[in-house]
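Notes follow the structure.
Coordinate-derived values only; no laboratory data. What you see is a predicted model; the values in this text were computed from it and never measured. FYI the Cβ positions are ideal-geometry reconstructions off the backbone, even for glycines, and counts take in every protein chain you see.
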Amino acid sequence: MNLLDILHSELNPVPVSQEIVPLIEAGGRVVSEDIRARIPLPSYDQSSRDGFALASLSEMGASYRLLEFEAFAGNSETISLRAGEACAVMTGGLIPLGASRVVPKEHCAPMADTLQLDLAAMGLPPFIQRVGEEVGLHEIIIKRGELVQAEDLGLLASTGNGQIPVYRRPRVGFFATGTELLELGQAPVAGMKFASNHYMLAELCSLYGSEGHNMGRVSDRGEVLTKLFSEIVEGDLDLVISTGGMGPGRYDLLEESFVAAGGRLVVNSLPMLPGRSTLVGWLGTTLFYGLPGTPRAIRPLFTELISRSLLAMQGLLENAPVQIEARLIRDCRLRRADVPSLQGGKLSYQDGRVWVERVARTGSPDCFMLVPAGSDCLEANSSVRVHLTRSPFSR
């Protein structure tokens, strides 16, 4: 178990409340209770082939009296067949009473009111799907804590489930600290920079099934931060993320204000890169993450840590990142060797192996390499553990 696993286990975020949504909105949601079949599938004995329904098949080359009735899908009328009788039936059609099998039409020779079978018909299966053969009445279709996938929707509809209990989407607030931040549209000013983190956080929250709420820019002043934290305690947000204000500078007052507002501190630094300027704790029942201000640090910390909290809040039982082994395409030199680090990577597949290389500063990673402490350079062709960045909610 690595450092982030231990922290996630200690935080142990619990699922949020549930809500009922119509089936059309249930895709990509996590069910909050076992979903069972309200009706069996199929709900009636049906034919699995176009052909003829027979009361019995006891003699090779037998001849049957052909009735003027056709059982087709959507026809709820039926008849009773007696020994020696047959009628036409289509795929999905209701099996007549007394019928024991369906013989595909390619093995049948209908002539006026008589049906003749070829010799191969004796060895064929019955081609009848009985009630509940695919899904039994009250059988579990999706278990609590599982994600509703596209292919599940048709099955849910077929078994009569039109309203689905799911965990609601977590409400996530995020804000940036700093008086040096400008909004897009404002004129550039020396010593100021454009606020950018909230754009990335909004997308990441959506990517992990959550509702993102931009709380804007917040002053570095301690009393302003303390007031905001007190409001969060009284509010309805499930998780809050701040960026910036976590350094050793005289204006980095986030931790001090967090404690002053009654926040319960879990960690105020992670012994890894990125992560040294990271605060994690609770503001009442709201989980709080104070992250560094640089986007290059925010993405790996969100993917490796915050995303797991969001998935757990949605009741998703499998919330740990998918881990695989890959080999380095080229040498990877590290800035520091005394602490473990997360390095953004790009995966490729060649010669039956998975390969990875570190992404450029402006690149978009599809994985993060988990680099242990103790080496300032990982050599080409060496094996490294990687976590995939793909969200389980990705379509």
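Using a ≥ b ≥ c from the Cα gyration tensor of the range 236-395 (square roots of the eigenvalues), is it rounded, prolate or oblate, where a/c under 1.5 gives rounded and otherwise the larger of a/b and b/c decides, a/b for prolate?
Values: a/c = 2.63, a/b = 1.56, b/c = 1.69.
Since a/c reaches 1.5 but b/c is at least a/b, the shape of the range 236-395 is classed as oblate.
Normalised by the residues of the range 46-129, what does the relative contact order come to in percent, with Cα pairs under 8 Å and at least six apart? Before the final figure, lay out the partial values.
Numbers: 210 pairs, mean separation 35.4, N = 84.
So the answer I get is 42 percent.
Average the reciprocal distances over every distinct pair of alpha-carbons in the range 46-129, invert the result, and give the Kirkwood radius in Å. Mind dumping the intermediate values first?
On the way: mean 1/r = 0.0821 Å⁻¹.
When all Cα pairs of the range 46-129 are included, the Kirkwood radius is 12.2 Å.
How many angstrom lie between the C-alpha centres of the range 169-213 and the range 1-68?
Measuring centre to centre over Cα atoms gives 42 Å.
Using only the alpha-carbon atoms, how far is helix 197-207 inclined from the longest principal axis of the chain? Give it as 0 to 90 degrees, nearest 10.
It is inclined by approximately 20 degrees.
Can you list the equivalent-ellipsoid semi-axes of the chain, largest first and in whole Å, using the square root of 5 times each Cα gyration tensor eigenvalue? Intermediate results must be reported in sequence, preceding the final value.
On the way: eigenvalues 782, 134, 55 Å².
Each semi-axis is √(5λ); the values are 63, 26, 17 Å.
Based on alpha-carbon atoms only, what is the radius of gyration of the range 323-388 relative to the globular estimate 2.2 N^0.38 Å? Before the final figure, lay out the partial values.
Values: Rg = 11.0 Å, N = 66, 2.2 N^0.38 = 10.8 Å.
Here the Cα radius of gyration is 1.02 times the empirical estimate.
Using Cα pairs closer than 8 Å and at least 6 residues apart in sequence, work out the relative contact order for the chain, in percent.
On the way: 871 pairs, mean separation 61.0, N = 395.
Reported as a whole number, the value is 15 percent.
Using the Cβ atoms and a cut-off under 13 Å, what net charge is assigned to the surroundings of residue 165, where Lys and Arg are +1 and Asp and Glu are -1?
Values: positive: 29, 36, 143, 144, 168; negative: 19, 25, 33, 34, 146.
In short, 0.
Restricting attention to the range 171-239, which trypsin sites (Lys or Arg not before Pro) occupy a DSSP loop and are surrounded by at most 16 other Cβ atoms within 10 Å? Could the numbers behind the result be given before it?
Numbers: sites: 171, 193, 217, 221, 227; in loops: 221.
Filter output for the range 171-239: 221.
In whole percent, what relative contact order does the range 1-89 give with Cα contacts below 8 Å and a gap of six or more residues? List each step's numbers first, then the result.
Working: 51 pairs, mean separation 25.1, N = 89.
Relative contact order of the range 1-89: 28 percent.
By DSSP, what percent of the beta bridges with both residues in the range 171-312 are antiparallel, rounded to the nearest 5? Numbers along the way, then the final one.
On the way: 8 of 26 bridges.
Rounded to the nearest five, the antiparallel share is 30 percent.
Taking the Cα centre of the range 119-170 as origin, sum charge times position over the Cβ atoms of Lys and Arg (+1) and Asp and Glu (-1), and report the length of that vector in debye to the nearest 20. Could you put the intermediate results ahead of the total?
Details: 5 positive and 6 negative charges, 57 e Å.
For this selection, approximately 280 debye.
Please work out the Cα center distance from the range 305-347 to the range 217-242, rounded to the nearest Å.
Spelled out, the Cα-based centre of one part sits 29 Å from the other.
Mind running the shape call on the range 94-150? Use the C-alpha gyration tensor, a ≥ b ≥ c as the square roots of the eigenvalues: rounded below 1.5 for a/c, prolate if a/b tops b/c, oblate otherwise.
Prolate.
Can you tell me which of 241, 329, 298 moves the most in a GNM of the chain? Springs connect C-alpha atoms under 10 Å apart.
Looking only at 241, 329, 298, the biggest GNM fluctuation is shown by 329.
Given the -39500 (n - 2.57) contribution per DSSP H run of 4+ residues, what per-residue ellipticity at 222 nm results for the chain, rounded to the nearest 500 deg cm²/dmol?
Working: 7 runs with 63 residues, N = 395.
Estimated from H runs of four or more residues: -4500 deg cm²/dmol.
Run through the DSSP bridge list for the chain and note the antiparallel percent, rounded to the nearest 5. Mind dumping the intermediate values first?
On the way: 58 of 84 bridges.
Bridges in the chain that DSSP calls antiparallel: roughly 70 percent.
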